[in-house]
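S.K.: Following this message is one structure expressed as structure tokens.
The values are calculated or read from the model by the stated rules, or taken from the named source; none is laboratory data. Small disclaimer: the values here were computed from a predicted structure and weren't measured. Ideal geometry is used to build each Cβ from the backbone, glycine not excepted, and the neighbour counts take in all protein chains shown. Surface accessibility is based on the protein's heavy atoms, side chains included, excluding ligands, DNA and RNA. Shrake-Rupley method; radii C 1.70, N 1.55, O 1.52, S 1.80 Å.
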Amino acid sequence: MKNIRGLLNVTLVFLILELCLVCCDITDGNAEHLKREHSLMKPYQGVGSSPSSQWDFSGNTLVTSSYVRLTPDERSKQGSIWNTVPCYLKDWEMHVQFKVHGSGKKNLHGDGIAIWYTKDRLHPGPVFGNQDPFLGLAVFLDTFRNDLHGMDRSFPYISAMVNNGSVSYDHGKDGRSSELGGCSAEIRNREHDTYLAIRYSKGRLTVMVDVDDKNEWKECIDIGGVRLPTGYFFGASAATGDLSDNHDIISMKLYQLMVEHTSEEENLDWTKIEPSVSLLKSPKDNIDDPTGNFRGTPLTGWKVFLLLLCALLGIVVCAVVGAVVSRRDRRGTRGFIKKTKNEKEPYPRGVVK
Ligand SMILES: [Ca+2]
């Protein structure tokens with residue numbers, strides 16, 4: 001009896017811990033704000049035309065009242081658009097509405113768009129119209145397969161890369177050797193609006209896509225251990241080669257995520273962080289091996305029972321929380337901020353900063 005009571009107590013502690021973790025995850029990004037100084041929206045008034053402008057463009061970029069065309073559907077073009085204001089937010093989420101379209105038939109179009117958060121801006125080069133190497137984060141919307149050996153993935157292919165300025169982007173391999181993750185997505189010549197979201201919060205990089213006209217985010221990349229400094233610039237660039245497409249940016253909206261950091265983290269000089277990724281899991285991320293020694297000892301009967309019980313409770317809690325979260329219609333999946341498709345509608349929570 002005593003044993004059972006002890007077991008229940010331990011289980012309860014596990015359950016509470018798990019609940020706390022789940023709650024923390026839901027709270028993450030609960031209060032979001034559109035940051036106008038880092039956002040690019042119709043009708044793009046003042047873009048690039050005055051010293052006080054918040055966005056600059058270069059190359060073949062054409063700014064109209066309804067889209068920013070980084071390249072036209074013509075060969076050997078490149079263009080970019082860059083935020084002039086460095087971003088000092090520690091946790092953010094960027095929503096990009098884009099449109100890739102052209103007359104090229106299947107596999108006869110290219111090369112794609114890159115979304116940037118980098119130290120430098122307005123440096124044209126070979127990486128989708130930007131410099132190589134670069135310092136910071138890139139998310140590539142690669143529409144052309146260069147690597148004919150990499151047939152295990154279909155194109156267009158979305159991938160992410162973090163660079164400390166030491167690695168070159170390998171176009172011939174579609175950046176495979178330096179990518180952190182990716183997914184295939186039909187982003188080209190769609191009749192409906194197409195969106196990409198990039199979230200960076202507490203060392204976690206998440207990329208989501210909404211390209212199927214379902215008004216919901218689909219996960220593409222989700223990795224931890226990413227370190228990015230503050231004070232970098234957001235931008236977008238595109239390039240065409242022998243094959244081409246219109247590469248249009250409709251909007252880039254940056255939301256601040258209100259996330260608490262420890263005083264230790266707050267006291268760090270975030271501008272001095274070098275972009276990096278730790279692909280090795282930390283011990284605390286390894287649930288069944290918290291000390292690194294657990295696997296060294298054989299599992300006794302009660303440990304197996306406890307693990308199974310915790311797993312079961314975990315599944316129940318996740319299912320309940322999942323059901324609650326899915327009812328929250330103002331948000332996309334995994335707590336992503338739900339976008340407003342109509343530019344004229346009020347932004348989420350009516351907060352405009
Ligand atoms: Ca490519």
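S.K.: Quick check: residue separation of Leu309 and Ser50 times 0.36 nm, minus the Cα distance between them. What number comes out in nm?
M.R.: Once the chain is fully extended between Leu309 and Ser50, it gains 86.9 nm.
S.K.: Mind listing the long-range amide H neighbours of Tyr232? Cut-off is under 5 Å, sequence gap 5 or more, other chains count too, H placed in the peptide plane at 1.01 Å from N.
M.R.: Cys87
S.K.: Using per-residue counts of other Cβ atoms within 10 Å, averaged over each peptide, order 144-152, 227-235, 94-102, 215-223 from highest down.
M.R.: 94-102, 227-235, 215-223, 144-152
S.K.: Determine the order of Val85, Val226 by accessible area, beginning with the largest, at a probe radius of 1.4 Å.
M.R.: Order by accessible area, largest first: Val85, Val226.
S.K.: If all Cα-Cα distances of the range 34-288 are sorted into 10 Å bins from 0 onward, what percent lands in each bin, rounded to whole numbers?
M.R.: For the range 34-288, the pair-distance distribution reads 7, 32, 39, 18, 4, 0.
S.K.: Going down the list Lys35/Lys119; Lys119/Lys253; Lys214/Lys253; Lys173/Lys202, which pairs span over 29 Å between their C-alpha atoms?
M.R.: Flagged as over cut-off: Lys173/Lys202.
S.K.: Give me the net charge for the shell around Cys183: Cβ to Cβ below 12 angstrom, other residues only, Lys and Arg +1, Asp and Glu -1.
M.R.: That works out to -3.
S.K.: Rank these residues by their accessible area, most exposed first, probe 1.4 Å: Lys42, Lys35.
M.R.: Lys42, Lys35
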